[in-house]
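Have a look at the structure below, then the notes.
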Number of protein chains: 2
Amino acid sequence: MKPFPLSKVYQLIEPGPVVFLTTAAKSAANVMTMSWHMMVEFEPPLIACVVSNANHSFAALRSSGECVIAIPAAGLARKVVHVGNCSGRTVDKFAAFGLTPLPAKRVSPPLIAECFANLECKVKNTRLVTTYNLFVLEVLKAWVDRSQKAPKTLHHHGYGSFVVDGPKLRLKSAMR
Amino acid sequence: MKPFPLSKVYQLIEPGPVVFLTTAAKSAANVMTMSWHMMVEFEPPLIACVVSNANHSFAALRSSGECVIAIPAAGLARKVVHVGNCSGRTVDKFAAFGLTPLPAKRVSPPLIAECFANLECKVKNTRLVTTYNLFVLEVLKAWVDRSQKAPKTLHHHGYGSFVVDGPKLRLKSAMR
């Protein structure tokens, strides 16, 4: 993993990829699959996400105030589904699905070695947690694995239906 | 446009498509391009989005409490960029870029005829508007244009770089 500029983090999250979210509570790391997230600010990068209070990760995120967003390329699609279909209450998902935790630099939850990007985050705002399970995160440190060339991400359309990134378009634009 | 079940709206927003947002203030409709949005609840569908207070649409959204999220297929990519690169303060973007406003049923802002999906929304929660320009919207009515077969959406990667939907994957999953 190589450091990635915080000013470009939005280019990872804005396209709406399916991601993993890792947490750690009492030193036990866990990972869930997540698709409900968006950019909130460019820099420092702020990301909003919804983590259901039915998820085992909710309590860990709320109590520790830390997480890692790890972005898998399409080749990890089966692991994405497996991780999403069981709970950290009963399964060590890293071991069960062959995901390799790596130590993060600024937070306790681990990076995931197999993912092409990892974002170390702390919880920044919890005002909408009680109402909507909506957390606002600040990205403290970002990493990318440059050995994964032109990774294609996954986009969830419900019930195990995913769309993989297709052709690129470059248009002249003044938008960041 | 045909009605679309609110219970399936998340399948439109969750994949992270670039969308249009229409608003209306004092009967003048406007449209902007938006990529910072996410699902917050399945049903009734709640969508969070960030509309910068630098955008002309911000004041209309805040004062009227209404908008339409219109989802363009990839063929509209140039219009997406054009709409994002000018302001409704000085341009009638519907006329300038050949987008056809259609009356909505539950809100004042128009649908966009050229888009394959249109979501009529009211502002549901403004607690994070002052801090982050973050609105929580409730979808009141959803429409799809069934004549657009298997529309491919756009995902923005920054600075006019877009990825178009590619291959579909179907995996066995218990996730909604």
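The values are calculated or read from the model by the stated rules, or taken from the named source; none is laboratory data. Note that the structure is a prediction, hence the values are computed from the model and not measured. Counting neighbours? That spans all protein chains shown, and the Cβs are built from the backbone with ideal geometry, glycine included.
Results, tabulated for the structure shown:
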| quantity | calculated |
| --- | --- |
| Selection within segment A:153-176 - at the interface with chain B (Cβ under 7 Å from one of its Cβ atoms), assigned to a loop (DSSP other than H, G, I, E, B) and either surrounded by 15 or more Cβ atoms within 10 Å (Cβ to Cβ) or of a type in the set (A, V, I, L, M) (or both) | A:157, A:158, A:160, A:171, A:173, A:174, A:175 |
| Filter pass, residue A:72 being crowded, with 24+ Cβ neighbours inside 10 Å, touching a Phe, Trp or Tyr at 6+ places or on another chain (Cβ under 8 Å) and within 19 Å of residue B:157 (Cα to Cα) | yes |
| Of residues in segment B:73-103 being farther than 29 Å from residue B:127 by Cα and in a loop (DSSP other than H, G, I, E, B), the one nearest to the chain's Cα centre (by Cα) | B:73 |
| Test: residue in segment A:81-95 that is at pLDDT 95 or above, within 14 Å of chain B (Cβ to nearest Cβ) and under 17 Å from residue A:12 (Cβ atoms) | no |
| Hey, residue B:141 under 20 Å from residue B:41 (Cβ atoms), away from chain A (no Cβ under 11 Å), part of a strand (DSSP E or B) and not small (Gly, Ala, Ser) or not | yes |
| Residues located in segment B:1-40, provided they are charged (D, E, K, R) and at the interface with chain A (Cβ under 7 Å from one of its Cβ atoms) | B:14 |
| Boolean, residue B:117 is in contact with a strand residue (DSSP E or B) (Cβ under 8 Å, 6 or more places away or on another chain), closer than 30 Å to residue A:152 by Cβ, surrounded by 15 or more Cβ atoms within 10 Å (Cβ to Cβ) and more than 11 Å from chain A (Cβ to nearest Cβ) | yes |
